[in-house]
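A quick write-up on the structure given underneath.
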Amino acid sequence: MNILKKISNFFVYLYEAISYWGINENSSEFERDFTILINQSIAVLATMFFIEGISVIVFVQAIADGIFLLIISCLWIASMLLKEKRKNKYFITGCMLSLCFLTTYYTIYCGPECGVFLLYFPLAFYSAFYFDTKKDKKYIYLIIGVILLSFYGSVFYDSSLLDKSRYTINGFARILLMLHITFSGMLFAVAYYFIIEKKSAFYYSREFSRIRAIRVEFLKGEIRELLKNQFVDTNIPEEKVKELLNLAQQNDPLLLEKFQQYFPGFFEKLQNQASPALTHSDLYLCVMMKFNFSAKQIAMYTSSTVKAIESKKYMLRKKLNIPSDKETILWISSI
């Protein structure tokens, strides 16, 4: 069980490290959510192309085709290291056109019967994820236009540089075609998932302010009960607890000052544990978690999103060096 728990913790850590890589805390809520989606999509794509490339080399012995897929996998991984630049429109356009030209080259090299050209279609579909379909139409039209020209040129102009008899005799061409059909379908599914997630993040951010007041009223009773249970062993009067609750619900900047009065050693203990020092935003999040608020509740009161709060909690864990087997809220509540 300990081994399984360690493996589970490792994958959770890996998931968080990839998802929250290179996030700019000063960006908008939607931008932070979109960055998380970009990180996740890049990781999935790199993994899929890597597995496909190895499979083609091992099972089909199509070295050129396999190397082509591994190169794409490496390009996806390299793009993650660029942090904020990976969201630059010119950079994204250049990457997608480069992938288009690579696809064109290996379609000509291996011949259209091997199905490499099928990668054009999910590539075009992905443009709807990386670009704003209303504001970035010129980039999308450019990419789709180049893809169409490349597709027609590589498929209908037969200039294969590879001796296709090896594929025909051994039946590899049909196997490669089946692999690329399956792989392209999987890429479509992944692209569709992330496009839907992007739209959800956008609409959630836009509608958040409108529904916040309604949901706050719904949660008041639950939050009061949580606070009552959280501070049942303290000497803080009930009216003071209610005061803290109201400040938290209103996202009032006086919350930290009042909290310091009732818990004079709390911030000092946190700063002694932290490296680097906690910011005002970090301390505010710690207070909200001291109230035993969930990420959903914190997002509600701070006009944020759940993904943004999870991102902040992840970075806070790193600053406080919280052990991987400890829950953040439980660890902070124990202080």
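The values are calculated or read from the model by the stated rules, or taken from the named source; none is laboratory data. Keep in mind the model is a prediction, meaning the values are calculated, not measured. Heads up, the Cβs are rebuilt from the backbone with ideal geometry, glycines too, and the neighbour counts pull from every protein chain shown. Remember, those area values only see protein heavy atoms, side chains included, never the ligands or the DNA or RNA. Shrake-Rupley method; radii C 1.70, N 1.55, O 1.52, S 1.80 Å.
Below are the figures for this structure:
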| item | result |
| --- | --- |
| Any chance residue 174 is among the charged types (D, E, K, R), assigned to a helix (DSSP H, G or I), modelled with pLDDT under 80 and within 25 Å of residue 61 (Cβ to Cβ) | yes |
| Helices (runs of 4 or more DSSP H) wholly inside region 29-142 containing at least 2 residues that are of a type in the set (S, T, N, Q) and closer than 29 Å to residue 16 by Cβ | 29-55, 63-80 |
| Answer from 45, 81 - the residue that is of a type in the set (A, V, I, L, M) and open to solvent by less than 40 Å² (accessible area, probe 1.4 Å) | 45 |
| Subset of region 298-335 [assigned to a helix (DSSP H, G or I), among the hydroxyl-bearing types (Ser, Thr, Tyr) and modelled with pLDDT of 80 or more] | 301, 311, 314, 328 |
| Residue within region 248-261 that is touching a Ser or Thr at 6+ places or on another chain (Cβ under 8 Å) and outside any loop (DSSP other than H, G, I, E, B) present | no |
| Any hit, region 146-154, residues being of a type in the set (Ser, Thr, Tyr), modelled with pLDDT under 80, more than 30 Å from residue 22 (Cα to Cα) and open to solvent by 30 Å² or more (accessible area, probe 1.4 Å) | no |
| Check on residue 264, farther than 28 Å from residue 34 by Cα and in a loop (DSSP other than H, G, I, E, B) | yes |
| Subset tally (residues that are among the β-branched types (Val, Ile, Thr) and either over 9 Å from the mean Cα position of the chain (by Cα) or at pLDDT below 75 (or both)) for region 14-54 | 5 |
| Lone qualifier among 278, 283 - being open to solvent by less than 50 Å² (accessible area, probe 1.4 Å), at pLDDT 85 or above and not in a helix (DSSP H, G or I) | 278 |
